[in-house]
Structures are given as structure tokens and as C-alpha cells.
Amino acid sequence: MIYTFGASLTKFYWPTWSDWLQVYQGPVTNLGYTGYDGHMTYWTVLDHSKHLTKDDEVYIMWPGLTTLSVWYDDEWIEKNNCRGFFPNTEGNLWFTQNVPFQGLYKQHPDHSTSFTQLLVQTLQCILNAQMLLESVGCKYTMLFNINPWVDIRPIYGEKYTTIWNTILNITDNSVLASKNVLKLSPVRQLFDMIKWENCIGAPEDRENLRDYCGLWEYDVSNKEYFLLKNSNDMHPSTLAHHDYLLEKILHQDPYTGTYRNRAIEIAEQCSKMAIPKFENKDTTATPDQPLLCVTI
């Protein structure tokens with residue numbers, strides 16, 4: 001079995017690279033979920049590791065440096081008077097069992113983390129997943145939503161604003177901040193322990209932070225993909241996902257892909273699709289629910 005993990009660039013309202021992987025090499029179990037960050041992705045991998053065998057294959061597309069999910073409990077929520085932040089009135093957070101409001105959930109905007117904390121924890125999640133999968137003995141591949149050194153933390157204010165969808169190139173500030181974090185001795189050791197050769201999008205020169213790239217960089221580099229974007233949403237079109245899978249993951253010519261014309265048809269269909277705004281999306285803890293609105 002092939003398993004895929006990640007955020008909205010792994011599971012979305014139209015076919016992603018994971019869905020095209022199902023078509024070209026299936027079967028695939030897609031355990032991604034829109035809104036996940038690095039912590040949620042790692043804990044999902046860990047939670048499902050009991051089902052993995054050495055004959056399985058795992059792909060993890062790591063989300064960018066947006067937020068850092070936190071383990072909550074009812075006492076902390078009550079003490080900090082932030083119960084209204086959690087939309088599910090039953091307190092069913094991610095991985096909640098029998099105790100309401102005890103589980104994993106997105107970071108509270110009044111308690112946001114530093115870039116340093118976010119970057120270090122993301123590297124730790126990658127290393128933890130690497131060691132976990134190697135203990136299973138299965139084949140695994142890491143990928144990225146976006147260059148993992150870019151600071152794409154959202155802006156919290158009167159209105160929640162994402163910035164990942166505005167990034168065209170990594171900024172000097174992100175490069176400098178990331179290099180300063182890597183000067184910290186244990187973080188440097190953490191960086192060196194990651195097997196970057198198993199990460200699609202990591203350059204041969206690991207020190208060149210500008211040359212790391214993910215699906216987002218692949219998407220914005222091609223005018224054809226831009227013209228097929230949804231008019232109200234900047235997520236890569238299904239054509240970009242199709243071509244990324246073939247070129248970067250399967251190492252094939254995307255333009256000769258059997259289903260490329262179908263990918264174009266779906267992208268044109270989805271370009272006019274009504275996508276729920278972030279603040280209106282169902283934010284209850286149901287990552288097992290499918291999002292796909294069209295079939296291949």
C-alpha cells in the first residue's frame with residue numbers, strides 16, 4: 001500500500017498529486033487534510049505507523065512554516081479564557097478520546113510562536129518521521145508544500161490573512177533568519193541528521209536555502225498553471241499536481257502522461273468552482289472526511 005500525508009496540497013477539493021499517484025501507481029491511502037501544519041502531519045504519521053509494514057511506501061509532503069499546533073487540555077483553555085477559539089462545542093479536537101477539549105489543535109493567535117521555534121520544531125518533525133519510518137523499514141519520500149525555509153506565518157489582526165499564496169521567491173530576511181537558527185549548535189546537528197537526499201526539492205548544496213523548492217514553486221514557475229487557477233483560490237491547479245507528480249516524483253515527462261488531457265479538463269472545470277473561504281470551512285476534527293469534489 002502507498003500512504004500519503006500532508007496538508008491541503010495533498011488533499012483538496014480537486015485531484016492532487018496524491019490522487020494522480022493513485023491513478024498512475026495506486027492503490028493509495030491519502031491521509032492528508034486541509035489545514036494541517038507540520039505537527040499535525042507528524043502526529044498523523046505516528047498514529048498510523050502501527051498499520052505500516054516494510055512492504056509499504058510512504059510520501060510526506062511537509063506543510064510550510066505557517067503555524068505550530070499545540071496539545072491542549074480543558075484546564076489550560078479555561079485558564080486562558082479562549083474557549084471560543086475552538087469551534088467544535090463538544091471539544092472534539094484532533095486525537096481527542098474521552099476527555100473533551102484535550103487533544104491537538106491549531107495555534108491560538110494570542111499565543112503565536114517565534115519563527116525560530118516554528119523552524120526548529122518543523123525540522124524535528126521531519127527527523128522524527130524519518131527515524132520512525134526507518135524503524136518500520138518501509139520506503140519513504142519527503143516532499144514540500146513550499147521552500148521549507150520561508151517564513152509564511154499568517155497575519156493575525158482584525159482579519160486573518162495568509163501570505164503563503166503571495167510568495168514568489170524566498171526573501172533575504174527568511175534566508176538570514178533561517179541561517180541564524182542553523183547556527184544554534186543542537187539545531188545544526190538536527191539539520192545534519194536529516195537525510196535530505198530522500199527529500200524531493202532539496203538541492204545538492206544543502207546550505208543553499210534559496211534552492212529548496214516545493215510544489216508551490218513548481219506551480220508559480222509555469223504560466224499554463226496560472227491560467228488554470230481557480231478564480232477565488234490560489235492553490236495549485238490539478239494540472240500542476242499532475243505534472244509535478246510525473247516530473248518530480250515518478251521522473252517521467254509530464255507532457256506525455258496518459259491522463260494529462262484529463263487533468264486539463266478537470267482544471268478548467270475547477271477553475272470556476274466555489275471554494276469555501278478559510279473562515280467558513282468546517283473546522284471540526286474530521287480529517288478522515290474526503291474533500292474531493294470531482295473524479296478523475
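Values in this text are rule-based calculations from the coordinates and carry no lab data. Please read all numbers here as calculations on a predicted model, not as lab measurements. As a convention, Cβ positions derive from the backbone with ideal geometry for all residues, glycine included, and neighbour counts pool all protein chains shown.
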> Using a basic spin-label model with each label point 7 Å from the Cα along Cα→Cβ, how many nm lie between ASP110 and THR171?
Replying inline: 2.7
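Just to confirm a number: summing +1 for Lys and Arg and -1 for Asp and Glu over residues other than CYS138 whose beta-carbon lies under 10 angstrom from that of CYS138, what do you get?
Working: positive: LYS54, LYS139; negative: ASP55, ASP56, GLU57, GLU134.
Once positives and negatives cancel, what remains is -2.
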> Under 14 Å from a point 7 Å along the Cα-to-Cβ line of GLU78: which residues of region 89-133 have their amide N that close?
Replying inline: 100-102
>> Can you give the local net charge around VAL99? Use residues other than it whose beta-carbon is closer than 10 angstrom to its beta-carbon, Lys and Arg +1, Asp and Glu -1.
In response: -2
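Once you list every other residue whose beta carbon is under 12 Å from the beta carbon of PHE191, what net charge do they have if Lys and Arg are +1 and Asp and Glu are -1?
Once positives and negatives cancel, what remains is +3.
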> What ³J(HN,Hα) values, in whole Hz, does the Karplus curve 6.51 cos²θ - 1.76 cosθ + 1.60 give for region 177-193 when θ = phi - 60°, with x put for Gly and Pro?
Replying inline: 4, 5, 5, 5, 5, 6, 7, 5, 3, x, 5, 4, 5, 4, 4, 5, 7
> Can you run phi through the Karplus equation (6.51, -1.76, 1.60; θ = phi - 60°) for region 43-60 and list ³J(HN,Hα) in whole Hz, with x for Gly and Pro?
Replying inline: 5, 5, 4, 4, 4, 9, 5, 5, 9, 7, 10, 5, 8, 7, 10, 10, 10, 10
> In whole Å, what are the Cα extents of the chain along the three principal axes, biggest one first?
Replying inline: 58, 44, 41
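Do you know the relative contact order of the chain, to the nearest whole percent, from alpha carbon pairs under 8 angstrom that are 6+ apart?
22
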>> Show me, for region 20-30, the HN-Hα J-couplings you get by feeding each phi into the Karplus relation (A = 6.51, B = -1.76, C = 1.60, θ = phi - 60°), rounded to Hz, glycine and proline as x.
In response: 6, 5, 4, 5, 7, 9, x, x, 10, 9, 8
> Amide H to amide H, which residues 5 or more places from ILE152 or on other chains are under 5 Å from it, using H placed in the peptide plane?
Replying inline: LEU65
> Gaussian network model of the chain, Cα springs within a sub-10 Å range: biggest mean-square fluctuation belongs to which of LEU246, LEU176, LEU209?
Replying inline: LEU176
